[in-house]
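The structure under discussion appears below in the form of structure tokens.
The values are calculated or read from the model by the stated rules, or taken from the named source; none is laboratory data. Predicted model only: the values in this text are computed from it and were never measured. Neighbour counts are summed over all protein chains in view; Cβ atoms, including those assigned to glycine, are modelled from backbone coordinates with ideal geometry. Accessible surface is based on the protein model in full, side chains and every heavy atom, while ligands, DNA and RNA are left aside. Shrake-Rupley method; radii C 1.70, N 1.55, O 1.52, S 1.80 Å.
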Amino acid sequence: MKKLFLITAFIGGLLCACNSGDKLVYKDASASIEDRVEDLLSRMTLEEKIYQISQQCLGENDNINNNEGMNPVPLNPMIGSVIFMSEDIKVRNEFQKKAIEETRLGIPVIYGYDVIHGYRTIYPIPLAMACSWDPSMLEACTAVAAQEARQAGVDWVFAPMIDVARDARWGRIAEGSGEDPYTAAQFAVAAVKGFQGDNLTSDKKVASCLKHFVGYGASEAGRDYVYSEISDQSLWDTYLPPYEAAVKAGAQTLMSAFNDISGVPASANSYTMNTILRDMWKFDGFIVSDWGAVEQLINQGNAANPAEAALNALTAGVDMDMTDGVYIKNMEQLVADGKLDVKVIDEAVRRVLRVKFRLGLFENPYTPDVQENERILLASSKETAEKAAEETMVLLKNNNSILPLEGVKRIGLIGPMVKNQHDLLGSWLGHGHDEDVTTIMDAMTAEFPDAFINYAQGCDFDGEDKSGFNDAVRVANASDVVVLCLGEKQAWSGENASRSTILLPQIQRDLLETVAKTGKPVVLVLNNGRPLELSGMEPHTAAILEAWQPGISGGTPIAKVLNGKVNPSGKLCATFPYTSGQIPIYYNRRNPARKGTQGFYQDVTVEPMYPFGYGLSYTTYKYGTLKVSAEKVAVDGKLKAEISVTNMGKRAGKETVHWYITDPACSITRPMKELRYFEKAEIQPGETKVFTWDIDVAKDFSYVDAEGTRFLEAGDILVRVGDQTVKVVVE
């Protein structure tokens, strides 16, 4: 094996030497990218190719879930990519210099990092961002993240995560856009645009990575890294749409998933990666595995040993192996044994190089070492993050219009989240720093200057220590209203954060009940990374504000909602169940065989606590009559639907109109409701805004079959807004 490798390297060196008198096309910026890729590929040895499709880590690991398996082979400057875990630009440039100057061909390294909801300016978690129903806001936030990341030495971000998730027990629901494929697709496209822009060579843009391909959000019972049972029909109608939309929007890379898809692991699934992604969608970027996912094919029972895992992953379409060194340690022997055609390696290398050229790394391999105050936490960036947080907050309850708190003189501020900074950042906090976060305490003090604010922690997030309850009762008794701040720790959602129940810990629920017994009205403010079970808590509250994990703006947008400077406009992108036992529960289920209550749980309501699309405001909106431009339309026709919305209150507000369709009878049964369009707009007091949906019948009314073919059958289609329905006959 060693002799064969030396011969291969020698021949590669001869070929390069023979071409040394030729123009190095791959270094010619005026040549086409494809010509540069082919020229460079023709000069590479097998060893250089194998390193090019491998990734290792540079810097201290900042992901507690991935402490094992870092760099199982020595870090070599021939490596194709590194996960850049340091914030020190000098570290990045020093290693890049080795790649450029100490390797035979000088191929630059591509630097990746998990920039899920911000690099240093941390904005709200993605689940919260989808509750804004404003994709342009996410595009603005990801543009900030791209600028900070690229100018800190990161060329490539492992985001957005666009897995459709319908089980709130799964910790990674925090990273996506909730339960609806259409919603996830719209926010996926916005994220890709924000990260990549129109020019990947810009020092303010990065390559995006769609993850996790595909069906990871269907992990059985909400457990991470496990099996998922997904039919071809569900794959196409539920899990693939966000990926297709984002690929068509120009996403440069994808990440293969950990889950096993109905017997074939995602990281060894040729149907999803080759047939769908490359053959059907014509994707020409590259796919990277998730952390250690290639070697983990052994754990999943797909491969008997690392060599077989490497072979299965590469031939199925995984172009780059993340961190486990399996490609580096096994590819050469696989070729020598005739089990792997070098052309398969060539194609993977070709895809990786293509993205590097598109990023301009060959012309600009180094990152300028600019002062931090000129590239991170810019005033405009923090303003964008705060604005985003304002838009994401969902008012779940507001009895007797207790909110906003106007003219309140004494406020009791209670709970473990009040003075907390770290946990407001949320999971996947990038390089966010606790000290950058405004606490709820500081924000309330600033936003309620005329009120006396008294504080008690009451209890910790979990545990059994109730020694602080008496202090909480004292504060409540001395207050006109209590703002109780409860929720989840930062690490309770995200990767490897599955939970058997979505109830808050008992001690937090006991604190709420104890404070409520004082008779003082309780405004419950929640900071969490998933939908919660609130049925036992809701009766003890006068109002509930779902504030999610807002990032560095922390308590400021919360306080501005509470005092009325901000009129809440968020609406849920994921259903809040009445109990954890209702999971999975989501709005776009298919009809059951029997009507009425037969077949449902006999011990609990069939309805959720708070449904998809739910959210209150400080003003009221009156919807006019839903209208369509024609009662009959051709399969290839166009149609216009409209509805007027009037702000009947005294406050300006932002309202989101959700447009649904229903196909009552179809050869492939369809969901009871399908979201097909949404629009958010600000409406002034007394103003009427007309919301319009321009319908392309073939696209907007059609469905997809188990092979990915869209179809539309003649018959009735119901167009829905709120409780209004209009029938359209498709001929």
Remind me, relative contact order of the range 489-552 in percent, using alpha carbon pairs under 8 angstrom and six or more residues apart? 36
Principal axis dimensions, the range 50-162 - Cα atoms, whole angstrom, descending: 50, 28, 24
Excluding near-sequence neighbours (fewer than 8 apart on one chain), the range 326-437 holds lysine pairs with C-alpha atoms under 27 Å apart numbering 10
Grab the beta carbon distance between V726 and R590, set R0 = 25 Å, and tell me the FRET efficiency rounded to 0.05. 0.65
Under the Debye formula (equal points on every Cα, no solvent term), log10 I(q)/I(0) of the range 589-642 at q = 0.15, 0.31 Å⁻¹: -0.88, -1.29
Filtering trypsin sites (Lys or Arg not before Pro) in the range 249-338 by DSSP loop and by at most 14 other Cβ atoms within 10 Å leaves K282
In the range 628-653, whose amide N lies under 14 Å from the spot 7 Å out along Cα-to-Cβ of A681? List them in ranges. 641-647, 653
Å² per residue, accessible surface of the range 594-642 at 1.4 Å: 69
A634-S136 pseudo-label distance in nm [points 7 Å out on the Cα-to-Cβ vector]: 3.4
Distribution output for the chain: share of Cα-Cα pairs per 10 Å bin in percent, first bin at 0, values 3, 14, 23, 24, 18, 11, 5, 1, 0
log10 of Debye I(q)/I(0), alpha-carbon scatterers only, for the range 272-328 at 0.31 Å⁻¹: -1.20
Taking the mean number of other Cβ atoms within 10 Å as a proxy for protection, how do you rank 430-440, 331-341, 559-569, 120-130 from highest to lowest? 120-130, 559-569, 430-440, 331-341
Note on the range 407-529: C-alpha Rg/Rh, Kirkwood Rh, two decimals, gives 0.98
Compare the peptides 261-269, 221-229 by average per-residue count of other Cβ atoms within 10 angstrom and give them in order, highest first. 261-269, 221-229
How many angstrom lie between the C-alpha centres of the range 403-453 and the range 575-619? 32
Taking r as the C-beta separation of V342 and A221 and R0 as 45 Å, the FRET efficiency to the nearest 0.05 is 0.60
Carbon plus sulfur fraction of accessible area for the chain, probe 1.4 Å, in percent: 48
Over the range 595-682: Kirkwood hydrodynamic radius from C-alpha pairwise inverse distances, Å: 16.7
Ranked by how many other beta carbons lie within 10 Å on average, peptides 549-555, 636-642 from highest: 549-555, 636-642
Would you give the gap between the C-alpha center of the range 327-369 and the C-alpha center of the range 137-206, rounded to a whole Å? 25
Eigenvalues of the Cα gyration tensor times 5, then square-rooted: what semi-axes does that give for the range 172-238, in whole angstrom, largest first? 28, 13, 11
Given the pairs K565/K622; K282/K632; K205/K689; K211/K560, which span a C-alpha to C-alpha distance of over 31 angstrom in this model? K282/K632; K205/K689; K211/K560
Can you work out ³J(HN,Hα) from phi for every residue in the range 530-542, in order, using Karplus 6.51 cos²θ - 1.76 cosθ + 1.60 and θ = phi - 60°, giving whole Hz and x for Gly and Pro? 7, x, 10, 8, 10, 4, x, 9, 3, x, 8, 10, 9
So between A478 and L75, what do we pick up on full extension, going 0.36 nm a residue minus the alpha carbon distance? 138.9 nm
Report, in degrees rounded to the nearest 10, the 0 to 90 angle that the Cα long axis of helix 506-516 makes with the longest principal axis of the chain. 30
Tell me which aspartates and glutamates have Cα within less than 13 Å of K193's Cα, excluding those fewer than 8 residues away on the same chain? E139
Taking N as the number of residues in the range 294-410, what value does Rg over Cα atoms divided by 2.2 N^0.38 Å take? 1.94
Could you give the radius of gyration (one decimal) and Dmax (whole number) of the Cα atoms in the range 689-731, in Å? 12.4, 41
Out of the trypsin sites (Lys or Arg not before Pro) in the range 378-438, which ones are loop residues according to DSSP with at most 15 other C-beta atoms within 10 Å? K409, K419
Whole-Å semi-axes of the range 642-731's equivalent ellipsoid (Cα gyration tensor): 31, 12, 10
For the chain: relative contact order, % (alpha-carbon pairs under 8 angstrom, 6 or more apart): 13
Can you run the Rg to Rh ratio on the range 473-600? Use alpha carbon positions and the Kirkwood inverse-distance Rh. 1.01
Helix 326-336 vs. the chain, principal-axis angle (Cα, 0 to 90°, nearest 10): 40
Net charge around K466, counting only other residues with Cβ within less than 15 Å of its Cβ (Lys, Arg = +1; Asp, Glu = -1)? -4
Beta bridge orientation in the chain: antiparallel %, DSSP, nearest 5: 50
May I ask for the percentage of alpha-carbon pairs in the range 163-312 that lie more than 24 Å from each other? 30
The correct pair for the range 558-713, radius of gyration to one decimal and Dmax as a whole number, both in Å and from Cα atoms, is 18.8, 52
Cut-off 12 Å, label point 7 angstrom out along Cα-to-Cβ of N299: give me the residues of the range 258-293 whose amide nitrogen falls inside. 258-260, 291-293
